[in-house]
Structures are given as structure tokens and as C-alpha cells.
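Got a structure for you, written out below as C-alpha cells; questions coming shortly.
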Amino acid sequence: MIHNDVKNLTDVLEFHLMAISEDPDLQLVFFGLFLSVYLVTVLGNMLIILIIIFDSHLHTPMYFFLSNLSLIDIFFISTTIPKMIVGLKMHSRVISYAGCLTQMSLFLFFVCMDDMILTVMAYDRFVAICHPLHYTVMMNPQVCAVLILLSFSVSVFDSQLHNLIAIQVTCFKDVEIANFFCHPSQLLNLACTNTLSSNIVIYFIGVILGIFPVLGIILSYCKIVFSILKIPSSSRKYKAFSTCGSHLSVVCLFYGTGIGVYLGSAVSHSPQKNAVASLIYTAVSPMLNPFIYTLRNRDISNALKRFHSRFL
């Protein structure tokens, strides 16, 4: 139902999220599908965390950051998918105003944390390959903790800045959100006042927090490639490349799906297609990360075998 009258915030206590399907049979199928995706994601990332905790061979900065990435991925997918699963089961699309702001803040926080940790992991690989003799000094536990704390602080700033902008909206043209979850751009689209300045701030912050991490990752891998090419032994070259393969795959998956969503929304004028693309972005990367690391990373694969023989 479309509401053409302008609403004051005092009248808007809840929003309506987009329905993935109005067909009850399809809703049941989607319920089973997304419940399976969610469980696989949570269990897969929990397994990675447990392996790293219980295997002393993996108590290194690289796997410390990986365990943090897995934890963030669990929270990341938990901000959107469970709400949608419950909505499909209860046949409800309603989300409260406070719940919408909370979901938006958490979504932005965990996206930014993913972004920051992937950048930190690229820096870790750069130090390990380009400065191996100084690795233990440059990536000591204190430095690792500071890097995680810095990532956390930047992510809090990003999410709270968006939250501050969102709560400035005092009236809405409609309560229908054209997505499966609350996104800042969707809330601003519903505002009945001019949001040009807010959009400029959001895009400016988005460019800074998007481009600089990407540039950091690209620069790190350029230096890594040049360093590896100088290694005379082909077996050592392969070993060096293999330590980066998993991380590089995850980086391509994270940014590839993100760019795909952005380009898709720019080209397509269908809210349904844009919403589906956003949903894939929030679900695909967290779900596939554990598979990438267990299949492409020899240390994780060997640790998984040891974990299986020890506890199962």
C-alpha cells in the first residue's frame, strides 16, 4: 500500500520492508533457502574460529585477523538474514523505526569492519613477504591489537555518522522501504525534505572508506608480487603466492559483489532486482569465505584434519 501523504516522525513508528515474494509456496522455499545459507555461514565461520583457537600452529597474526574476519562475517549476516527469515515465517514485513535505525547502524559497522580487516590482512601479508626478518617485530601482538582497535574505531565513526544523518530526517513521504533491510539510502529516499547535503556527506565518506582501503590492498599486493618475482626458487615462489591466494580470493569476492551491487543499482531501475543484488552481497561473501580458506589454505586444511582427529 502506498501512502502519498507526508508523515511526521511521530506518526511513523514502523516501516514495511520489501516482500521477497507474495506467493506462500515461494515464501516457504525462500525460508528454507535462507535459513540454510545462514546456518552454513554461522557454522562455517565458527569452525574457522575454533580451529584457530585450538590449533597452536595457527597462533600467528595472519590467523588472528582471519578469526576476527570470521567473527565479523557472522555478525554481518546476522544483521539482515534472520529478520528476513522471521518475516517469511510470520508473513510480516514490519520493522520498527528504532529497529530500522539499529539494523542500519549494525549493517554499516560490519561492512566497514570487513573492509578494514581485509586491508589489515593485506598489510600483514606485505610485511610477511617483503620484510620477513622484521615480521615478528612489526606484527607483534600489541600492533595487531592496535590495528583491530583502529578498524573498530573507524567502523563506529562510519556507522554513527550515518545514524546521525538518518535521525535528522523528521518526516517521511512513505513507509515502504524498497529493500529487504534498512539501508541509509532507502531512508533518505523516503524523506520529504531536501537531503542533498546528507547525500554528499554519505558519498564523500563512502569514497574515502572505499577507495583508500582498496588502494592500500592494491599497493600491498604490487609490492608482494615484485618481491616474489625476485625469489630464485620456484617452490618458494609458489609457497609465497599460496599464503596470499586465499586472502586475495576473499578480497575479490567482497569487492566484486559490492561493485556488482553498485553497478547493478546504477543500471537497473527495478527496486526488486536491486534488493536481490543487495541480499546476495550480504549473504554470498560471508558464506563462501570459510570454504575458500578450507579449500585453498594448506595450514587451515591441515589444522582441520588435526581438529577432526582430536575432537571427533
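The values are calculated or read from the model by the stated rules, or taken from the named source; none is laboratory data. Quick caveat, the model's predicted, so the values are computed rather than measured. In this analysis, Cβ positions are derived from the backbone assuming ideal geometry, glycine residues included, and neighbour counts consider all displayed protein chains. For accessibility, only protein heavy atoms count, side chains too; no ligands or nucleic acids. Shrake-Rupley method; radii C 1.70, N 1.55, O 1.52, S 1.80 Å.
Once fully extended, how much extra length lies between LEU295 and ALA19, figured as 0.36 nm per residue of separation less the alpha-carbon to alpha-carbon distance?
95.8 nm
Given axes a ≥ b ≥ c from the Cα gyration tensor, I'd like to know whether segment 145-185 is rounded (a/c under 1.5), prolate (a/b larger than b/c) or oblate.
In terms of gyration-tensor shape, oblate.
Turning to a different aspect of this structure: Counting pairs of alpha carbon atoms under 8 Å apart in space and at least six apart in sequence, what relative contact order in percent does the chain give?
28 percent
Provide the per-residue ³J(HN,Hα) series for segment 35-47, in order, calculated from phi with Karplus coefficients 6.51, -1.76, 1.60 and θ = phi - 60°, each as a whole number of Hz, with x at glycine and proline positions.
After applying 6.51 cos²θ - 1.76 cosθ + 1.60, I find 5, 5, 4, 5, 5, 4, 5, 5, 5, x, 6, 5, 4 Hz.
How about segment 169-270: which trypsin sites (Lys or Arg not before Pro) there are in a DSSP loop, with at most 10 other Cβ atoms within 10 Å of their Cβ?
LYS230
Please work out the average accessible area per residue across segment 123-173, using the 1.4 Å probe convention, and give it in Å².
Here the per-residue accessible area is 55 Å².
Quick query: amide H of PHE15 versus all other amide H atoms, modeled in the peptide plane; which residues come in under 5 Å with a sequence gap of 5 or more or a different chain?
The answer is ILE95, SER96, TYR97.
Sort out for me the Cα centre separation of segment 18-95 from segment 194-245, rounded to whole Å.
About 26 Å separates the Cα centre of segment 18-95 from the one of segment 194-245.
Right, something else. Fully extended, how many nm does the chain gain between ILE53 and LEU215 (0.36 nm per residue separation, minus their Cα-Cα distance)?
Taking ILE53 through LEU215 to full extension adds about 55.2 nm, to one decimal.
Same structure, new question: For segment 53-162, max minus min Cα coordinate along each principal axis, in Å, sorted largest first?
58, 32, 19 Å, listed from the longest principal axis down.
Further, regarding this structure: Mind checking which lysines have their Cα closer than 25 Å to the Cα of LYS230? Skip sequence neighbours fewer than 8 apart in that chain.
Hits, sequence-local ones excluded: LYS239.
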